[in-house]
Amino acid sequence: MAHTVRRSAVLTPAIALVAGAFLVLAPTSPAPAEPATAEPAPAEPASCEPAAELDRRLGELGRNGYAWVIASQPLPGNLYGVTSIDARTVRIASNVPCELIPSVVNHEWAHTQQGYRYGTEIRTRRAFGSDAMERVADCASWLLGSTYTPYLTRDRKLTGQWCTGYELASARDLIGRATATSRG
């Protein structure tokens, strides 16, 4: 079985703002007194290389002994990422919007930490249960700065609940283990 990040049907405006960059340069001399009649041209979006984004984030987190790849085609089941603990592989969908790659990597990285902690897919699932496993990965992802947390967003809409105390403690433990192992 694989651990996954599902795409949400709607991105929040906050995520959309992250995708664009607007630069405002201060003029060196005062602007003319004429009123502006035309709207300014929109800034061009920054180009994005998915593999470079993946490598940048993994350079901060570490690969945890897993092979990380951008899949050559979209993943089945409308998924953005899949981690196989037993095969020690992580696949990121080729159609993930660039601004979401760090969030998807954070989530899948949390699954690699779960695998590191419990050793095998089956032991990891027994420790968490499938749904809690995804929620803990989303909580860890959120603690790592992600703005895209589909399992938490889904459940918050249904139940009003974000990360439980148990999920936060588990997520912090996964992140703390990574910090401890990277030092030693």
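Some notes on this structure:
- Single condition Arg88 does not satisfy, out of (1) at pLDDT 95 or above; (2) within 14 Å of the chain's Cα centre (by Cα): (2)
- Residue check for Ser146: open to solvent by less than 20 Å² (accessible area, probe 1.4 Å), at pLDDT 95 or above and outside any helix (DSSP H, G or I): yes
- Any hit, the range 160-171, residues being within 13 Å of the chain's Cα centre (by Cα), under 28 Å from Asp55 (Cβ atoms) and open to solvent by 10 Å² or more (accessible area, probe 1.4 Å): no
- Residues located in the range 149-171, provided they are part of a helix (DSSP H, G or I) and small (Gly, Ala, Ser): Gly165, Ala169, Ser170, Ala171
- In the range 121-143, the qualifying residues are those that are under 15 Å from the mean Cα position of the chain (by Cα) and within 16 Å of Val82 (Cβ to Cβ), and the one that is surrounded by the most Cβ atoms within 10 Å (Cβ to Cβ) is Ala137.
- Restricting the range 57-88 to residues that are assigned to a loop (DSSP other than H, G, I, E, B) and touching a Lys or Arg at 6+ places or on another chain (Cβ under 7 Å), the residue that is most open to solvent (accessible area, probe 1.4 Å): Gly65
- Residue match in the range 109-120 (condition: in a loop (DSSP other than H, G, I, E, B) and open to solvent by 10 Å² or more (accessible area, probe 1.4 Å)): yes
- When each of Arg177, Arg172, Arg135 is tested for being in contact (Cβ under 8 Å) with a residue 24 or more places away in the chain, touching a helix residue (DSSP H, G or I) at 6+ places or on another chain (Cβ under 6 Å) and among the charged types (D, E, K, R), the lone residue that passes is Arg135.
- The range 91-108: number of residues that are in contact with a Leu (Cβ under 7 Å, 6 or more places away or on another chain) and either open to solvent by less than 30 Å² (accessible area, probe 1.4 Å) or under 15 Å from Glu60 (Cα atoms) (or both): 5
- The condition of being over 28 Å from Phe128 (Cα atoms), modelled with pLDDT under 95 and in a helix (DSSP H, G or I) holds for Leu17.
- Within the range 56-68, residues that are closer than 15 Å to Gln113 by Cα sit with their Cβ atoms under 9 Å from residues that are open to solvent by less than 30 Å² (accessible area, probe 1.4 Å) and assigned to a loop (DSSP other than H, G, I, E, B), at 6+ positions apart or across chains, in these pairs: Tyr66/Ile85.
The values are calculated or read from the model by the stated rules, or taken from the named source; none is laboratory data. The structure displayed is predicted, hence computed values, not measured ones. Cβ atoms come from the backbone with ideal geometry, glycine included; neighbour counts cover every protein chain shown. In case anyone asks, the SASA skips ligands and DNA or RNA and just uses the protein heavy atoms, side chains included. Shrake-Rupley method; radii C 1.70, N 1.55, O 1.52, S 1.80 Å.
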